[in-house]
Amino acid sequence: MMITALSVPPTDPEVDHWWAVLAAARTADLPGTPPPSRTEVAGALRVPSARGRSVHWATEEAVASLVLFTDGANDHTAHLAELTVRPDARRRGVGTALWARVREELLANGRTSVSAEVDLGGPGQAFVESVGFENVLSMAWRTRRRGSWTSRSRPGRRSGCTRPTAGSWTREAP
């Protein structure tokens, strides 16, 4: 199996392939949830990380993306932003081969830890546990139907509108 690094910036055919892998996986793993748009995928691949250097790889059946933090305080760590295998290619060593390539990059850059986000109970959780990750923070996403927004709207705001908040953590994670 050939693992290739994507061009910088990725070409349109590379983006198309990446998008096809993610769309196939999302459709199989999260039925009823729309796959990412091609524009979303292109942006994730082509817009540089604000806090690190991204590296992207692909095989015919899978994709992987790693962010190596370069902000000084977190130079020892990285984030596995993506490691997705097409459903019809799973359990054949493709993900393990990509993970081995990711590990090579981590070691070559002196990283001592790596984080990842996976859907609990899905194939991603089984995979990361099989390669030695441990769950240190379980998270759940909640959704509300549009009709229920009006019951909690605050005075002075349009019904259903919320103000997004953003935060930044500049120290090492506990």
Taking segment 51-67 on its own, how many of its residues are under 19 Å from Leu6 (Cα atoms), in a loop (DSSP other than H, G, I, E, B) and either modelled with pLDDT under 95 or open to solvent by 50 Å² or more (accessible area, probe 1.4 Å) (or both)?
1
Asp16 meets each of (1) surrounded by 13 or more Cβ atoms within 10 Å (Cβ to Cβ); (2) in contact (Cβ under 8 Å) with a residue 24 or more places away in the chain; (3) over 20 Å from Gly124 (Cα atoms); (4) not hydrophobic (A, V, I, L, M, F, W, C) with one exception, condition (2)
Since Pro34 meets every condition but one in (1) modelled with pLDDT under 95; (2) in contact with a strand residue (DSSP E or B) (Cβ under 9 Å, 6 or more places away or on another chain); (3) open to solvent by 70 Å² or more (accessible area, probe 1.4 Å), which condition does it not meet?
(2)
Filter segment 26-45 for residues that are in a helix (DSSP H, G or I) and under 14 Å from Ala81 (Cβ atoms) and give the result.
Glu40, Val41, Gly43, Ala44, Leu45
With respect to Glu40, determine if the residue is buried (at least 20 other Cβ atoms within 10 Å of the Cβ), charged (D, E, K, R) and either in contact with an Asp or Glu (Cβ under 8 Å, 6 or more places away or on another chain) or modelled with pLDDT of 95 or more (or both).
no
Matching residues, segment 104-123, being assigned to a helix (DSSP H, G or I) and over 17 Å from Arg53 (Cβ atoms)
Pro123
Residues of segment 68-110 being open to solvent by 20 Å² or more (accessible area, probe 1.4 Å), farther than 19 Å from Trp19 by Cβ and among the hydrophobic types (A, V, I, L, M, F, W, C), which ones?
Phe69, Ala73, Ala97, Trp99, Ala100, Leu107, Ala108
Give just the number: which of (1) open to solvent by 40 Å² or more (accessible area, probe 1.4 Å); (2) closer than 23 Å to Arg101 by Cα does Ala28 not satisfy?
(2)
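The values are calculated or read from the model by the stated rules, or taken from the named source; none is laboratory data. Since this is a predicted model, take the numbers as computed values, not measurements. Reconstructed Cβ throughout: ideal geometry from the backbone, glycine too, with neighbour counts over all protein chains shown. Protein only, heavy atoms only, side chains kept; ligands, DNA and RNA dropped before computing areas. Shrake-Rupley method; radii C 1.70, N 1.55, O 1.52, S 1.80 Å.
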